[in-house]
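The values are calculated or read from the model by the stated rules, or taken from the named source; none is laboratory data. Computed from a predicted structure; not experimentally measured. No Cβ is skipped: glycine too gets one built from the backbone with ideal geometry, and neighbour counts run over all protein chains shown. Keep in mind that these areas ignore ligands, DNA and RNA; they rest on the heavy atoms of the full protein, side chains included. Shrake-Rupley method; radii C 1.70, N 1.55, O 1.52, S 1.80 Å.
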Amino acid sequence: MHVKNQYSTLKIHLIFSIQLLILFPLILASCNEESLYDGPLSPEESLKTFQFSENFKAEIFAAEPLVVDPVAMQFDADGNAFVVGMLDAYKPDATKGKGNIVLLKDTDGDGQADTSTIFVDSLREATSILPWKGGLLVCAAPNITYYKDTDGDGRSDSKEVLFTGFFDKNEEAQITNLRYGIDNWIYANNAGQAGKISFSRNSDAPPIEVQGADFRFRLDKNLFERSTGPGQFGLAIDDWGHRFFTANSLHIRQVVIPMRYLERNPYLTPAAKNAIQNISDHDPLMNQISATPYWRQERTNRRNKNYKENNLDRVEYARDHFTGASGGTYYGGDKFTNEYYGNIFTADVAGNLIHRDILNATDSLPFLTAQQGSKEKDKEFMATTDTWFRPANFSVGPDGYLYLMDMYRQHIETPMSIPQDLQETMDFDAGNTFGRIYRIVQKNSEPYTSVSPNLTKANSSDLVNALQHENRWWRLTAQRLLLERQDKSIISEVIALFEQSEDPRFRLHALYVLEGLNALDATIIRTAMQDPSPGVRENAAMLAERFPSSLSLLKEMVNDSSVRVALQATLSIGQFKDDSVIPSLAKASELHGDSSWFRTAILSSEAGSSILLLKTLVQNSFFKETSIWKNTFIENFSYIIGARNDKDEILDLLNVLSRLKESNKEELQSSGLKGLFKGLEKTAELKNSSKEKIKTISSEAENNIANAIQHLKELFTKL
């Protein structure tokens with residue numbers, strides 16, 4: 001199906017007017033009072049209500065009928081815009097399966113799409129797409145599916161379900177946000193939902209349970225696994241591979257420790273398994289200028305009344321607080337001035353606004369801090385008075401601009417969270433024929449000119465050159481295409497780029513192109529480990545895990561001037577299981593042990609949770625100076641020993657505790673026993689009689705630690 005529009009603005013006006021005439025009686029009928037909810041505006045009228053904090057403006061790229069309910073847009077290697085239309089959002093199960101993906105084209109180069117071709121339709125709750133090998137990967141729970149047009153008519157005629165088993169009961173918490181990372185993995189948010197995921201191309205691999213996690217995979221190597229989460233709708237990955245995700249009231253959190261490191265030690269304390277950080281310095285506040293919807297204010301009033309009547313220390317806010325944050329996107333384009341590069345833009349569909357975060361690094365923290373711009377302390381990057389404006393997501397195009405997807409609906413809340421009597425005042429279908437996509441530009445920028453990358457026809461050398469483009473879209477797309485092609489003839493060119501480029505971003509792309517072509521060697525890795533850029537060194541530390549000959553240099557990196565590099569080195573050292581890494585892990589403890597992130601990094605490894613590490617720390621007088629964090633360290637260490645329930649390890653631990661000579665030894669012994677008892681409670685291998693004896697000894701420890709240690713020794717010697 002093709003929709004053609006040679007006179008875009010005129011036709012949008014006409015179509016909107018017809019739609020409004022049809023919908024207006026329905027909108028009125030859906031409300032108990034005419035004044036409860038405002039009516040819709042045309043794209044041009046809505047655009048006039050946009051208020052930017054700085055020198056920006058929005059331009060219409062596409063609107064209904066070319067797009068309806070847009071929730072994601074991606075540009076393929078030739079610059080074609082594919083848009084996911086979630087036409088079945090917030091609909092009963094009986095009416096699901098009406099979603100689609102359309103291909104938009106601007107045939108006359110005026111900056112407005114004028115044709116829309118349905119690439120695939122009849123999708124159930126599709127939420128995300130990613131170009132791959134001439135087709136699209138599509139998230140539509142319970143599947144991730146590969147669709148491709150093989151005959152050139154613009155419509156998919158090939159379908160392959162790659163992954164299946166994802167949660168599919170609530171469209172706000174399903175698999176979504178496919179993103180190609182600098183490390184050649186494809187990431188997706190899973191909202192922590194349960195599901196046993198199988199991979200059709202690797203039938204020998206057992207299904208993996210993704211509850212509590214997000215998801216990542218590599219189609220070039222047939223790999224798939226859990227990843228740190230949970231993220232909801234919105235996933236941003238920066239130039240160095242750091243992931244940031246959005247989840248309703250928490251508009252920006254960062255992954256600090258990848259899940260693969262945490263899962264190598266199943267006995268970590270529950271607190272240590274939390275590997276994400278809320279990095280906002282201004283949550284949960286936002287600056288809304290639109291009116292509060294009647295239903296939301298009424299629901300909030302009722303809830304607060306209930307909290308007060310039940311003496312609950314809780315308050316709900318109907319406005320000015322993030323509740324519908326979505327679409328967090330990293331701006332890596334080249335059309336905004338430099339201060340906007342690397343910013344993360346996040347929408348709030350309930351607040352009808354766009355929020356901007358500036359990411360800043362500090363010397364003492366292994367994560368970034370998200371801060372507001374100087375002119376955005378009391379206003380948002382963009383806000384509107386149009387209550388139908390529903391900014392769901394963003395995309396950065398090959399032209400370097402930021403694109404915004406607006407579902408444009410009267411209501412965008414799941415009905416299940418709204419009282420029935422308030423639902424009766426609402427029409428959840430109001431706006432189900434609308435949808436807008438805007439291009440955000442700076443007012444003083446040059447007039448729009450269309451861009452046609454045509455990278456699918458570019459030769460591999462041209463793709464290597466594209467790795468040096470200022471717009472990250474070109475770099476990532478070129479990297480992906482080189483991975484897909486597996487053209488080994490350009491390896492020498494990529495190595496030259498890695499060795500000679502003055503831009504660390506370009507060097508890192510080259511490094512991962514070599515990884516994708518299986519062309520890395522220890523010499524390249526050692527060079528990367530000594531790169532001037534912390535971002536390159538951090539990634540090199542990860543890749544060094546594959547090269548044992550790089551271990552000596554990796555050990556030195558725990559002293560790195562960048563705390564993020566030092567943390568990654570500590571994590572990566574833990575991948576080596578021989579005792580030679582113990583001194584380096586002990587050094588990391590001494591330098592950075594006051595950070596809970598480093599303590600987790602150390603204890604997550606086999607060597608870092610071994611008795612030998614504890615003995616080394618004691619020998620190095622690590623515990624001589626008293627501090628709360630050292631007590632916490634020995635408590636968490638002992639928890640692991642208890643949960644692991646290895647008799648010899650437990651006896652070794654008790655011997656170390658009993659021989660402490662520090663002035664604060666009783667404090668350390670108390671922390672050690674506390675952790676040991678908690679860990680032993682988690683093991684199912686002890687007999688009930690032994691557990692009862694341990695419980696008795698635990699009570700004894702409150703008054704006589706030395707006796708408790710001795711009695712534990714006697715108990716475990718006999719077991």
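Structural remarks
- The numbered conditions (1) in contact with a Lys or Arg (Cβ under 7 Å, 6 or more places away or on another chain); (2) buried (at least 17 other Cβ atoms within 10 Å of the Cβ) are all true for residue 535 except (1).
- Matching residues in the range 183-220 - criterion: being aliphatic (A, V, I, L, M) and open to solvent by less than 10 Å² (accessible area, probe 1.4 Å): 186, 188, 197, 210, 213
Here is a yes/no grid of residues against (1) crowded, with 18+ Cβ neighbours inside 10 Å; (2) polar (S, T, N, Q); (3) in contact (Cβ under 8 Å) with a residue 12 or more places away in the chain:
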site: 85; (1), (2), (3): yes, no, yes
site: 94; (1), (2), (3): no, no, no
site: 97; (1), (2), (3): no, no, yes
site: 153; (1), (2), (3): no, no, no
site: 158; (1), (2), (3): no, yes, yes
site: 162; (1), (2), (3): yes, no, yes
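- Residues in the range 311-352 that are of a type in the set (A, V, I, L, M) and over 16 Å from residue 401 (Cα atoms): 312, 315, 318, 325, 347, 349, 350.
- Listed conditions (1) assigned to a loop (DSSP other than H, G, I, E, B); (2) open to solvent by less than 10 Å² (accessible area, probe 1.4 Å) are all met by residue 377, apart from (2).
- Residue, nearest to residue 265 (Cα to Cα), within the range 670-694, restricted to residues that are open to solvent by less than 20 Å² (accessible area, probe 1.4 Å) and among the polar types (S, T, N, Q): 683
- Reported count of residues in the range 398-419, each being at pLDDT 95 or above, out of contact with any Ser or Thr (no Cβ under 6 Å at 6 or more places or on another chain) and outside any loop (DSSP other than H, G, I, E, B), is 4.
- All conditions but one from (1) in a helix (DSSP H, G or I); (2) within 24 Å of residue 42 (Cβ to Cβ) apply to residue 433; the one that does not is (1).
- Unmet criterion (only one of (1) open to solvent by 10 Å² or more (accessible area, probe 1.4 Å); (2) assigned to a helix (DSSP H, G or I); (3) touching a residue at least 40 places away in the same chain (Cβ under 8 Å)) for residue 616: (3)
Conditions tested, residue by residue: (1) assigned to a loop (DSSP other than H, G, I, E, B); (2) under 20 Å from the mean Cα position of the chain (by Cα); (3) on the phi > 0 side of the Ramachandran plot.
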{"position": "166", "(1), (2), (3)": "yes, yes, no"}
{"position": "172", "(1), (2), (3)": "no, yes, no"}
{"position": "178", "(1), (2), (3)": "no, yes, no"}
{"position": "183", "(1), (2), (3)": "yes, yes, no"}
{"position": "188", "(1), (2), (3)": "no, yes, no"}
{"position": "193", "(1), (2), (3)": "yes, yes, no"}
{"position": "197", "(1), (2), (3)": "no, yes, no"}
{"position": "202", "(1), (2), (3)": "yes, no, no"}
{"position": "206", "(1), (2), (3)": "yes, no, no"}
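- Residue 435 being open to solvent by less than 10 Å² (accessible area, probe 1.4 Å) and either in contact with a Leu (Cβ under 9 Å, 6 or more places away or on another chain) or within 25 Å of residue 70 (Cα to Cα) (or both): yes
- The range 637-666, residues that are part of a helix (DSSP H, G or I), in contact with a Phe, Trp or Tyr (Cβ under 6 Å, 6 or more places away or on another chain) and open to solvent by 20 Å² or more (accessible area, probe 1.4 Å): 644, 647, 651
- Flag if residue 591 is over 25 Å from residue 276 (Cα atoms) and either in a helix (DSSP H, G or I) or open to solvent by 40 Å² or more (accessible area, probe 1.4 Å) (or both): no
- Per the conditions (1) assigned to a helix (DSSP H, G or I); (2) over 21 Å from residue 242 (Cβ atoms), the sole criterion not satisfied by residue 558 is (2).
- Residue within the range 501-517 that is open to solvent by 40 Å² or more (accessible area, probe 1.4 Å), farther than 21 Å from residue 368 by Cβ and not acidic (Asp, Glu) present: no
- Number of positions in the range 169-181 that are closer than 30 Å to residue 537 by Cβ and open to solvent by 10 Å² or more (accessible area, probe 1.4 Å): 2
- Residue 166 meets each of the listed conditions (1) open to solvent by 20 Å² or more (accessible area, probe 1.4 Å); (2) of a type in the set (Phe, Trp, Tyr); (3) touching a Pro at 6+ places or on another chain (Cβ under 8 Å) apart from (1).
- Among the residues of the range 695-719, those that are surrounded by 14 or more Cβ atoms within 10 Å (Cβ to Cβ), over 13 Å from residue 647 (Cβ atoms) and among the aliphatic types (A, V, I, L, M) comprise 697, 701, 705, 708, 709.
- Only one entry in 58, 77, 113, 89 is within 13 Å of residue 404 (Cα to Cα) and either touching a residue at least 60 places away in the same chain (Cβ under 8 Å) or not β-branched (Val, Ile, Thr) (or both), namely 58.
- The set of residues from the range 116-158 being assigned to a strand (DSSP E or B), in contact with a Ser or Thr (Cβ under 6 Å, 6 or more places away or on another chain) and either of a type outside the set (S, T, N, Q) or within 20 Å of residue 87 (Cα to Cα) (or both) comprises 119, 120, 127, 128, 138, 139, 143, 147, 148.
- Condition check for residue 461 on (1) open to solvent by 30 Å² or more (accessible area, probe 1.4 Å); (2) of a type in the set (S, T, N, Q); (3) assigned to a loop (DSSP other than H, G, I, E, B): one failure, at (3).
- Residue check for residue 364: surrounded by fewer than 24 Cβ atoms within 10 Å (Cβ to Cβ), part of a strand (DSSP E or B) and among the small types (Gly, Ala, Ser): no
- Considering residues of the range 306-356 that are part of a helix (DSSP H, G or I) and open to solvent by 10 Å² or more (accessible area, probe 1.4 Å) only, the residue farthest from residue 535 (Cα to Cα): 309
- Entirely in the range 56-111, the strands (runs of 3 or more DSSP E) that have 3 or more residues that are under 24 Å from the mean Cα position of the chain (by Cα), closer than 25 Å to residue 157 by Cα and modelled with pLDDT of 95 or more: 70-75, 81-85
- Residue 576 meets all of the listed conditions (1) open to solvent by less than 40 Å² (accessible area, probe 1.4 Å); (2) more than 15 Å from residue 241 (Cα to Cα); (3) assigned to a helix (DSSP H, G or I) but one, namely (3).
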